[in-house]
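Student: Here you go, one structure.
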Amino acid sequence: MEKRPRTGDGTGGGGESSGSVGGGLVDRLPEALLVEVVGRVGLEAACSAAASCRTLRGAAGAALSAVTSLDLSVFPPTNAIVNKILDGNGALRSLTVNCSLLDDSAVAAIAKGSLRELSLLKCSSFTPYLFAVIGERCTNLRSIKLEMADLIGSEHFVICRKSLAHTFKGCDYLENISLKFPLRTPGSVDFDSLVSAIPSTTKVLLLQPVANWQAKKLFPISPSLKTPFSDSLESLSLVLDIITDELVTFITGSLSNLLELCLEDNPGSETDLENDLTNIGLQALGICQNLTHLSLTRGKQSYSSTFRRVNDFGILMLAEGCKQLQTIRLGGFSKVRDAGYAALLHSCKDLKKFEVSTASCLSDLTCLDLDEAATKITEVRLLSCGLLTSETAISLSSCTNLEVLDLSGCRSIADAGLVSISQLSKLALLDLAGADITDAGLSALGNGRCPISSLCLRGCRRITNNGIASLLCGSGTINKTLVALDIGNIARISGRAVTMIAKNCEQISSLCLRNCVLITDPCLETLGSTQYSSGKSPLRMLDLSYCSRLSRSFLRLFDPLFDPPLFRGLRWLGVGKNVLERRGNSPTVAEILERKPGLTICGNNCEMSCRNQCHPDARAL
């Protein structure tokens, strides 16, 4: 029999009345003890306790007023929620907020003089008032991160970009600045004023995106024109229109204390590529002999997806000059072969993290003989490298301290590789998206030693429900450690697999079922009911984008009025744009969000938690 949504009885018998019963017991406890306990359980539990009785409400208020670090990025709070939580707190040192639903009404609560770290994500409704107040009140800031969604046709957004420099005028101690604004839009920002306003104390700088000509203003080659922060900057991250030899030369010549360099570009036309990065630019990087972290990548959406003018010779010069590198991330170097990549692995004796993507010439030979590097490497990511086979996975099994292994897009990785990988006793993250593995490979993983907490099998088309059963019912540890699982884009995954996950992996907090066409309403209800029966609600993120067999009423399962209430801990739900635009949904997305303000429903085809995406919340559309 179908379970129907509950309806209110109109008596007003909520948490207050039920809390009055327990309130007598709670009243007997010392106030200091209650404040201490509530302060230790986390924000969500503290707010739940506050709704139960007046005594706990007072304890929660006292606890929140003394919190020194607060993260409100998991869900988009409203102005009222932010003002309520932050009101009266003079001890707050670190604050992160998802600002999708906020406007200037929340600025006074956010801009606290006690703050040392401030991260404002997905800003779209603030005016220049925000920047003026931060500069005026937050004079002790050491770290600031501002991320603004570009709403087409929004006049106030253009004004905000031009007012960025005001943020730094009163913040004389800033060390970490991260600005994710479209700075290179013509007329959008007075870049010269922004550069001159960056404090001399800045050690970490991220600008995304920024034009090549603007970036060169940050690092003039002439000593007389050096910017105030040139001598203090240790970490630089830029997302550009084009990476050129000239820009790299400017950076290496101006920043004598540089330890970390991250450059990404997205050329928009053939004209941009006339001055593309060459071996000369990589040779210039060799000047930075103290460099410990290097990332050079080209965006996949660019006009040309590769650096066609860099070959093994450039990488060999880089390896010779930068021997202190601990982290290497290279993307789009299509002309570099095994000799170049192997030189980096063997020259950088302290290398811990190694990532290469879109390398059409990289083969199994790169990792064939890792020697001393094997014991030090903790993270390997080889993405969309078409020549790699299971031999690479077998070679990497010698890296006994490996914690992260990402082979997504390497379609020739097969079961033999999984057998070797399954014995890595420290492996916590494994990504095999698109690999040629079968149920037999998952059985080896399910019986292995890996304490994997995050596993991606997206697009592994030969996997079936039996494979998921073997993975989670084996004699290994993965069914006890797994908290994030991606089995999207697998045609033969059905409700049986979801049931296996619900019953054998109760701690799961992130589940992707994107484009699994056999997923239906009953299997989702089983997933929610199993967690409800266990008394736990660990599931925080669920991706159901383009699960075409879900009915028009499947959203009722996420309604707090559903009896019993399922998915109580859910914070992010991906449904795909087709659901937002589909007529006849009952209940609607707007109704669900009204009843469950702590939930984000995304219809923009984003990855889990909308990471790396900056767009308005569904409630703002």
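Student: Under 5 Å between amide hydrogens, which residues at least 5 positions from T278 or on another chain qualify, with H placed 1.01 Å from N in the peptide plane?
Tutor: D245
Student: Hey, which of these cross-link pairs are over 31 Å Cα-Cα: K217/K352; K169/K300; K203/K480; K169/K353; K112/K596?
Tutor: K217/K352; K169/K300; K203/K480; K169/K353
Student: If you don't mind, there's one more thing I want to ask. With r as the distance between the Cβ atoms of R496 and K349 and R0 = 41 Å, compute the FRET efficiency 1/(1 + (r/R0)^6) and round to 0.05.
Tutor: Taking R0 as 41 Å, the efficiency between K349 and R496 is 0.25.
Student: When only alpha-carbon atoms count, how far does the range 504-573 stretch along each of its three principal axes, as whole angstroms with the largest first?
Tutor: 30, 24, 20
Student: Hull surface divided by four, with the convex hull built on the Cα atoms of the chain: how many nm²?
Tutor: 29.2
Student: Quick one: what are the phi-derived ³J(HN,Hα) couplings along the range 370-375, Karplus 6.51/-1.76/1.60 with θ = phi - 60°, whole Hz, x for glycine and proline?
Tutor: 7, 6, 5, 5, 4, 7
Student: Starting from the Cα-Cα distance between A51 and N257, subtract it from 0.36 nm times their residue separation and give me the gain in nm to one decimal.
Tutor: Length gained, A51 through N257: 69.0 nm.
Student: Would you mind giving the average projected area, over all directions, of the Cα convex hull of the range 325-381 in nm² with one decimal?
Tutor: The orientation-averaged projected area of the Cα hull of the range 325-381 comes to 3.3 nm².
Student: Expected output is a single nm value to one decimal: the length gained when fully extending between T477 and D172, i.e. 0.36 nm times separation in residues minus the C-alpha distance. What is it?
Tutor: 104.8 nm
Student: If you don't mind, there's one more thing I want to ask. From Cα pairs below 8 angstrom and at least 6 apart in sequence, can you work out the relative contact order of the range 280-325, rounded to a whole percent?
Tutor: About 67 percent, as a whole number.
Student: Taking the highest mean first, how do the peptides 164-174, 81-91, 436-446 order by number of other beta carbon atoms within 10 angstrom per residue?
Tutor: Ranked from most to least packed, the peptides come out as 436-446, 164-174, 81-91.
Student: Next up: List the residues whose amide H sits under 5 Å from the amide H of T127, counting only those 5 or more places along or on another chain, with H placed 1.01 Å from N in the peptide plane.
Tutor: Those qualifying (amide H under 5 Å, at least 5 residues apart or on another chain) are D104.
Student: What FRET efficiency, computed as 1/(1 + (r/R0)^6) with R0 = 35 Å and r the Cβ-Cβ distance, is obtained for S553 and S533, rounded to the nearest 0.05?
Tutor: In this case the efficiency is close to 0.95.
Student: Is there a quick way to get the dipole size of the chain? I mean about its Cα centre, with the Cβ of Lys and Arg at +1 and of Asp and Glu at -1; what is the value in debye to the nearest 20?
Tutor: 1320
Student: Rounded to the nearest 0.05, what FRET efficiency do R462 and R568 give with R0 = 41 Å and r taken as the Cβ-Cβ distance? Could you check?
Tutor: After rounding to 0.05, the efficiency reads 0.70.
Student: Multiply the residue separation of T96 and A590 by 0.36 nm, subtract the distance between their alpha-carbon atoms, and state the gained length in nm to one decimal.
Tutor: 175.3 nm
Student: Right, here's the next one. Cα atoms only: what Rg and Dmax, in Å, come out for the range 300-434?
Tutor: Rg and Dmax of the range 300-434, Cα atoms, are 14.0, 42 Å.
Student: Under a point spin-label approximation (7 Å from Cα along Cα-to-Cβ), what is the L561-L225 distance to one decimal in nm?
Tutor: 6.5
Student: How about the range 222-282: which GluC sites (Glu not before Pro) there are in a DSSP loop, with at most 11 other Cβ atoms within 10 Å of their Cβ?
Tutor: Filter output for the range 222-282: E270.
Student: Now a separate question. Apply the Karplus curve 6.51 cos²θ - 1.76 cosθ + 1.60, θ = phi - 60°, to the phi angles in the range 530-536 and return the couplings in whole Hz, x for Gly and Pro.
Tutor: 5, 5, 5, 5, 7, x, 10
Where a number appears in this text, it was derived from the coordinates with a stated rule and is not lab data. Remember, predicted model here, so these are calculated numbers, not experimental data. Neighbour counts run over all protein chains shown; Cβ positions are idealised from the backbone, glycine included.
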